[in-house]
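Everything on this sheet refers to the single structure shown next.
The values are calculated or read from the model by the stated rules, or taken from the named source; none is laboratory data. From a predicted model like this one, the values you see are computed outputs, not experimental measurements. Positions of Cβ are generated from backbone atoms using ideal geometry, with glycine treated the same way; all protein chains shown enter the neighbour counts. Note: accessible area is taken over every heavy atom of the protein model, side chains too, but ligands, DNA and RNA are not part of it. Shrake-Rupley method; radii C 1.70, N 1.55, O 1.52, S 1.80 Å.
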Amino acid sequence: MRFLVALVAAFSIGHAYRTLPAALAPAIASDLALEPWEIGLVGGAFNIVFAAMQLPVGVALDRMALRHLVAALLAAAATGTAIGATATSLAALVLSQGLLGIGCSGLWLAVCVHVARTRPASEFAWTTTVCAALGSSGMFLTTTPLALVVEGAGWRVAMACIGALTLALLVLVLLAR
């Protein structure tokens, strides 16, 4: 059960990353003097890479230990966050979002695979529904809490905070039994 909680928490941070570009767009655009199309490119990079990773992540879910795969995905997301928090160019932001797309691409699938492997088939639908509902709460991180950090300390600190949370989740996934 602890491992499932860790997986759902990891999935939750993926939801925060999905909404992060929109939440930070005004601050990033102002700080780096980016045009609207450039901000769109930054946000789109996540989605394109996320989608492209579905097949390789699906294969990896069948061939790797879930703990190791999720840890690797979270490491990619943490790396993307570090690059994003220190970015000074459009290219760095796009790279950051690409790594975040990789990092988030298999988090929900990992929850589903774990539930399928550890719970009776009759519990799959309701268990994954509860997990999806709880995991979706990650979007709330990019609302008022993130806005307060951006307002008080800037977008780079806000991004670094989410990166630190990602690293904490990586440790949780590795230690949860």
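Residues checked against (1) assigned to a helix (DSSP H, G or I); (2) hydrophobic (A, V, I, L, M, F, W, C); (3) over 18 Å from the mean Cα position of the chain (by Cα):
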| residue | (1), (2), (3) |
| --- | --- |
| Ala45 | yes, yes, no |
| Ala51 | yes, yes, no |
| Val59 | yes, yes, yes |
| Leu69 | yes, yes, no |
| Gly84 | yes, no, no |
| Thr88 | no, no, yes |
| Leu93 | yes, yes, no |
| Met139 | yes, yes, no |
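Residues in the stretch 86-139 that are within 30 Å of Ala29 (Cα to Cα) and free of Cβ contacts under 8 Å to residues at least 60 places away in the same chain: how many?
Pass one, the stretch 86-139, residues within 30 Å of Ala29 (Cα to Cα): 86-107, 135-139.
Then keep just the ones that are free of Cβ contacts under 8 Å to residues at least 60 places away in the same chain; that gives 87-92, 94-96, 98-99, 101-102, 105-106.
The number of residues fulfilling the criteria is 15.
Within the stretch 44-70, which residues are small (Gly, Ala, Ser) and crowded, with 18+ Cβ neighbours inside 10 Å?
Ala45, Ala60
Determine, yes or no, whether Ala77 is under 19 Å from Arg156 (Cα atoms), free of Cβ contacts under 8 Å to residues at least 12 places away in the same chain, in a helix (DSSP H, G or I) and in contact with a helix residue (DSSP H, G or I) (Cβ under 7 Å, 6 or more places away or on another chain).
Details: under 19 Å from Arg156 (Cα atoms): yes; free of Cβ contacts under 8 Å to residues at least 12 places away in the same chain: no; in a helix (DSSP H, G or I): yes; in contact with a helix residue (DSSP H, G or I) (Cβ under 7 Å, 6 or more places away or on another chain): yes.
In short, no.
Any residue at all in the stretch 123-131 that's outside any loop (DSSP other than H, G, I, E, B), open to solvent by less than 50 Å² (accessible area, probe 1.4 Å), modelled with pLDDT of 95 or more and out of contact with any helix residue (DSSP H, G or I) (no Cβ under 6 Å at 6 or more places or on another chain)?
Taking every residue of the stretch 123-131 in turn, at least one turns out to be outside any loop (DSSP other than H, G, I, E, B), open to solvent by less than 50 Å² (accessible area, probe 1.4 Å), modelled with pLDDT of 95 or more and out of contact with any helix residue (DSSP H, G or I) (no Cβ under 6 Å at 6 or more places or on another chain).
Which condition does Ala147 not pass, out of (1) open to solvent by 60 Å² or more (accessible area, probe 1.4 Å); (2) farther than 28 Å from Leu69 by Cα; (3) of a type outside the set (S, T, N, Q), if it passes all the others?
Every listed condition holds for Ala147 apart from (1).
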